[in-house]
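Values in this text are rule-based calculations from the coordinates and carry no lab data. All values derive from a computational prediction rather than experimental measurement. All Cβ positions, glycine included, derive from the backbone under ideal geometry; neighbour counts span all protein chains shown.
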Amino acid sequence: MAHIVVDVKGETCPIPLIETRKALRKAAEGDVVEVVGTHQASKREIPMAVKNLGLQLLDITDADDGTWRIRIRK
Amino acid sequence: MADKATIIVHSGDYDKIYSALIIGTGALAMGMEASLYFTFWGLQRLKKGGLERGPLSKMHMLGLGKWMIRRRMQKANVAKLETLMREFRDLGGKVIACEMTMEIMGVSKEDLREDWIDEYGAVGAYVQEATDSKITLFI
């Protein structure tokens, strides 16, 4: 099972959401997609998309520099 | 069947094309289907080289306002309309061009970015799309 990292640091709406979706489309079942970004609204929106897509949100972590990480299992 | 968003793009204004494409790509990213139906002034933006050409809907000020907004958008790292259109299509979004507008305004298929357009349709195409859509907007 692959671990795919999507780096959208510095990107703004709607790019983090689009890149997450693209990575999830490409991923195989069981793969983990880890999205790393700085856009705060996207941090709330990506979990909504994950829910709509019926996928599993593993965790969300924040770093001190304002960077967030969201891990999703397909 | 997935939920669907259908958006009429009537305005050709720069900022409103942004709204349409951001909502369209957003819907696709959230797992919905999405169609953009370009008509009237919106259709002008499907002309070759036309996507970024629209005026601002407010404070255009002969282009000065648009220049300022574009500069601020660049600083904020906002994606170009061309990029959003490419993403919209890559994620499976559908683009419909209004045939009546083409006729009235004397626009031929060769004038348009045919590589972006999935269908040429009239009101029936929109109504059919909208009937099974959860979201429909007129921009």
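Please determine whether any residue of region B:21-35 is on the phi < 0 side of the Ramachandran plot and either surrounded by fewer than 15 Cβ atoms within 10 Å (Cβ to Cβ) or away from chain A (no Cβ under 14 Å) (or both).
Yes.
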Among (1) more than 9 Å from every other protein chain (Cβ to nearest Cβ); (2) farther than 28 Å from B:Lys134 by Cα; (3) surrounded by 13 or more Cβ atoms within 10 Å (Cβ to Cβ), A:Asp62 falls short only on (3)
In region B:110-122, residues that are surrounded by 12 or more Cβ atoms within 10 Å (Cβ to Cβ) and assigned to a helix (DSSP H, G or I) total 3
Filtered residues of region A:1-21 (kept if surrounded by fewer than 17 Cβ atoms within 10 Å (Cβ to Cβ) and within 14 Å of chain B (Cβ to nearest Cβ)): A:Asp7, A:Lys9, A:Gly10
Does B:Arg89 satisfy the condition of being among the basic types (Lys, Arg) and within 14 Å of another protein chain (Cβ to nearest Cβ)? yes
Would you point out the residue of region B:58-80, among those that are part of a loop (DSSP other than H, G, I, E, B) and either under 15 Å from the mean Cα position of the chain (by Cα) or within 14 Å of chain A (Cβ to nearest Cβ) (or both), that is surrounded by the fewest Cβ atoms within 10 Å (Cβ to Cβ)? B:Ala76
Search result, residues across region B:59-104 that are touching a residue at least 40 places away in the same chain (Cβ under 8 Å), over 18 Å from B:Gly121 (Cβ atoms) and among the basic types (Lys, Arg): B:Lys66
